[in-house]
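The values are calculated or read from the model by the stated rules, or taken from the named source; none is laboratory data. Everything quoted here is computed from the prediction, not taken from an experiment. Note: ideal-geometry Cβ built from the backbone for every residue, glycine included; neighbour counts use all protein chains shown.
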Amino acid sequence: MINTNQVTRIALIALLVIGCVYVLKPFMAAVLFAAIFCLFTWPVYHRLWLSFGKRDTLAAITMTLLLLVALILPMAYLAVNMADSAERLFDEMSFTLQNLQPHAPDWMRSLPLIGDQISNSWERAAASHEELMKLLRQYSEPMRAFGLRAVQLVAGGLLQLLLVVFVAFFFYRDGARLADGLLVAVRRLGGELGEEMLHLSCSTVKGVMLGIFGTALAQSAVALVGFLVVGAPVPILLALATFFLSVIPVGPPLVWGGVSLWLYNHGDHGWAVFMALYGLLAISSVDNVIKPILISHSSHLPLLLIVLGVLGGAIAFGFIGIFLGPTLLAVGLTLITHWISTQNKKLLENHSGK
């Protein structure tokens with residue numbers, strides 16, 4: 001016989017959960033990213049907490065102010081200056097195509113291995129200059145619209161990061177109590193396996209975030225040195241763009257490639273070649289050297305997973321999805337891999353027992 005009171009309670013609880021999810025849905029990305037970022041930076045907060053005599057609120061306020069300086073100020077600087085920089089980049093590209101010489105310079109043709117290929121490509125482009133200009137006029141407006149959307153994405157990311165920092169204050173202040181409650185709930189629901197999965201998720205989040213932010217910081221630092229050496233305009237802005245675009249495999253080449261183009265247009269052909277080689281051999285190679293070291297204690301993300309995580313995260317969550325997407329996919333991949341290996345071990349144990 002159906003217990004009407006019990007069914008009614010379950011229905012009310014389900015409606016309550018659905019209502020809460022519906023209310024929090026616009027802020028879910030910020031809450032998730034704040035939780036992941038707090039988990040990643042918890043050792044720093046813990047040191048502050050100890051140095052402030054274990055006062056939760058004071059330590060949380062200090063950590064929040066540090067996040068404002070480290071995240072919000074650079075993001076605000078990038079958002080303010082990105083529109084003018086994108087417009088300048090399009091003007092440089094148009095100027096280059098409109099003033100393309102019929103033959104490549106002698107120094108470019110004399111480059112070893114690649115000189116002949118560059119010269120042939122240059123001459124083909126110059127020969128079809130009219131067609132090239134038609135394509136430029138055809139795609140200039142879509143490219144400008146794309147740049148405008150990128151600026152809007154960065155501006156929206158700034159607002160999202162402000163919300164992340166606001167939520168992070170409460171996670172820092174009440175993090176210990178929240179962690180204890182989560183551990184109790186996981187133990188009741190999943191037992192030892194659930195607790196093991198929780199610890200595995202935490203270690204994966206820390207490893208992936210260290211790889212993402214560590215690689216981004218290293219690439220931006222190396223790029224800043226190159227931009228200062230060649231005398232690029234607004235080198236700090238370019239380094240910040242490299243930092244935020246380093247998550248995307250083709251992100252940094254867009255920045256140092258644009259700098260090489262700017263140098264070439266202004267007659268600094270030698271520095272343009274240097275910037276291109278420096279970007280290829282130094283800036284872009286950081287991703288292949290630093291990231292595997294930083295994520296050595298977590299799952300190595302396949303390139304496809306990173307690309308899907310970046311694009312899907314940006315579509316689903318906006319700017320912070322660039323960082324949130326790969327992290328969530330990495331946690332999911334790690335948990336699935338661990339579950340499969342656990343099931344295989346159980347099967348082997350059962351077969352050996354028989």
- Task: Output the number of the condition that Arg188 fails; it satisfies all remaining conditions of (1) more than 18 Å from Ile36 (Cα to Cα); (2) surrounded by 16 or more Cβ atoms within 10 Å (Cβ to Cβ).
- Result: (2)
- Task: Sort out which residues of the stretch 19-38 are farther than 16 Å from Gly325 by Cβ and within 17 Å of the chain's Cα centre (by Cα), and write them in order of number.
- Result: Cys38
- Task: Find all pairs meeting these conditions: Cβ atoms under 8 angstrom apart; at least six residues apart or on different chains; first residue within the stretch 31-55 and in contact (Cβ under 8 Å) with a residue 60 or more places away in the chain and surrounded by 14 or more Cβ atoms within 10 Å (Cβ to Cβ); second residue outside any helix (DSSP H, G or I) and of a type in the set (A, V, I, L, M, F, W, C).
- Result: Phe33/Ile320
- Would you point out which residue out of Gly214, Gly181, Gly226 is modelled with pLDDT of 80 or more, in contact with a helix residue (DSSP H, G or I) (Cβ under 6 Å, 6 or more places away or on another chain) and closer than 30 Å to Leu58 by Cα? Gly214
- Query: Hey, Cys202 hits all of (1) hydrophobic (A, V, I, L, M, F, W, C); (2) at pLDDT 85 or above; (3) in contact with a Leu (Cβ under 7 Å, 6 or more places away or on another chain) but one; which does it fall short on?
  - Reply: (2)
